[in-house]
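Structure record follows, encoded as structure tokens.
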Amino acid sequence: DGGEGKQDGWWQPLKCDVWETTPTVVIQRDTFANLYHDSEDFVNLFMLLAILEMPLDGVQVLLLDLFPKGPFWDVWEKVFTAKSGEKQVLTAWEASEKYGTKNVCFKHLTAGIVGPAMPLTIHTSQTLCQGAPLVRAYSDWMIRGFGLQMATHFAQPKPPEDLVVTFMARRSSVQWPERAYCDDKYFKCELFAHLDMRKLGRIVRNEDDLLRKLHQLPNYAFTPAKSVVVMDKDFNVMKLTDQVRTMVRTDVMVGPHGAGLTHNIFMSDRAFLIEIFIDGSTSLKHFNNLCTWRRGRGNYLSIDNSPNPVKVDMVFAKVVEAINKIDPKTY
């Protein structure tokens, strides 16, 4: 055929120093310290395992990017690892240590799709799909992976009567993740010593005023009467397992647009998400869609084009609206 596109010796048998017989999935993470974008890779791998019917206890995952492990490593180590203590998920550096300079051939190798190609990344238009089985199954998979299924509403003998309102804070409370998760072996700390506290955008400037108002909810005269508990959480300073544990107990999550709102998929069927669009974020549909896919369009409320400082009474009224729509006798 004229030899077009051929290289010398391309047809010869593979020269393998090692044959890896464990079914292996290779992934290049989209990022390592943003829950929304990290979830792209989590969802993609979840779908890959389901579609190809690959049992979790017989799969090896190689993360061949050069990111450090990061704040969400628990997902790889707990949810995508069948047995505690086994290393089923390896970073690029760990893969290098395992195989060295040997030519490695894989009996069963699958390449994961790139993170942004995840089907749940639609964020410029409103989804028409409600209560999507994919999102509900993924939520359940994650909750069970963390061993939190008995903490959910559904595991209780009857629906919890207390309605839990959680304010999802955005605060500049931690170091840049590149510095926080560096090490002296792979991701050299000396390269990131100049990075200090990470300053976030879309921070509610009058957060203290808003929290004082929200903490009045337990004494609000709901008709019929309802028992309300208010929590204020900065997930930046919490372990991921504790974050998910908080959300499976939450009935109303309220906060400014940001990756933390991804957690709404772990809330129950009766739960509401209230998104405060500040600092020019109104056009973004990330969490509107996630909430709609997990529960339905009726469980999402928003405050569009909000000024910052926010209008405290307006946010309070929106939370009251959500609480009034929840039937404490349902899950």
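The values are calculated or read from the model by the stated rules, or taken from the named source; none is laboratory data. The structure displayed is predicted, hence computed values, not measured ones. Glycine also receives a Cβ, built like all others from the backbone with ideal geometry; neighbour counts cover every protein chain displayed. Side chains included, ligands, DNA and RNA excluded: accessible areas come from the protein's heavy atoms. Shrake-Rupley method; radii C 1.70, N 1.55, O 1.52, S 1.80 Å.
Descriptive notes on the structure:
- Among Pro309, Pro224, Pro133, residue whose mean-square fluctuation peaks in a GNM of the chain (springs only between Cα atoms under 10 Å): Pro224
- Ordered by 1.4 Å accessible area with all protein chains kept, Met168, Met314 run largest first as Met314, Met168.
- Total formal charge among the other residues, if their Cβ is under 9 angstrom from that of Gly201, Lys/Arg +1 and Asp/Glu -1: +2
- Maximal additional length on extending the Leu109-Leu56 stretch stands at 17.6 nm, based on 0.36 nm per residue less the C-alpha distance.
- Accessible area per residue for the chain, computed on protein heavy atoms with a 1.4 Å probe, is 50 Å².
- Percent of beta bridges antiparallel (DSSP, the chain, rounded to nearest 5): 5
- The chain, relative contact order [Cα under 8 Å, separation at least 6], %: 20
- Contact order relative to length of segment 42-116, as percent, for alpha carbon pairs under 8 angstrom and 6 or more apart: 35
- Which label in (i) 58, 54, 32; (ii) 65, 53, 44; (iii) 79, 47, 44 gives the computed Cα extents along the principal axes in Å: (iii)
- Between Met231 and Val165, Thr166, Phe167, the built amide H atoms are under 5 Å apart, and every one of these is 5 or more places off in sequence or on another chain.
- Separation in nanometres of the label points that stand 7 Å from Cα toward Cβ, at Arg205 and Val174: 2.7
- Of the listed residues Arg198, Arg144, the order by accessible area with a 1.4 Å probe, largest first, is Arg144, Arg198.
- Measuring with a 1.4 angstrom probe and ignoring ligands and nucleic acids, Asp184 comes out at about 130 Å² accessible.
- Karplus 3J(HN,Hα) series, Hz, for segment 313-328 with 6.51 cos²θ - 1.76 cosθ + 1.60 (x for Gly, Pro): 5, 5, 5, 4, 5, 5, 5, 4, 4, 5, 4, 5, 7, 8, 8, x
- Cross-link partners of Lys87 among lysines (Cα-Cα below 23 Å; sequence separation of 8 or more within a chain): Lys69, Lys78, Lys98, Lys102, Lys107, Lys185, Lys188, Lys239
- Rounded to the nearest 500, the helix-only mean residue ellipticity at 222 nm of the chain stands at -7500 deg cm²/dmol, with each DSSP H run of n ≥ 4 adding -39,500 (n - 2.57).
- Between amide H atoms placed 1.01 Å from N, distances below 5 Å from Val61 occur with Val25, Val89, Leu90, all of them 5 or more places distant or on a separate chain.
- For Gly112, net neighbour charge (Lys/Arg +1, Asp/Glu -1) across residues whose Cβ lies under 15 Å away: -4
- Zone residues, segment 214-256, relative to Ala155, backbone N less than 12 Å from point 7 Å out along Cα-to-Cβ: 245-246, 248-249
- Computed in the context of the full set of protein chains, the accessible area of segment 180-247 at 1.4 Å probe radius has 49% of its extent on carbon or sulfur.
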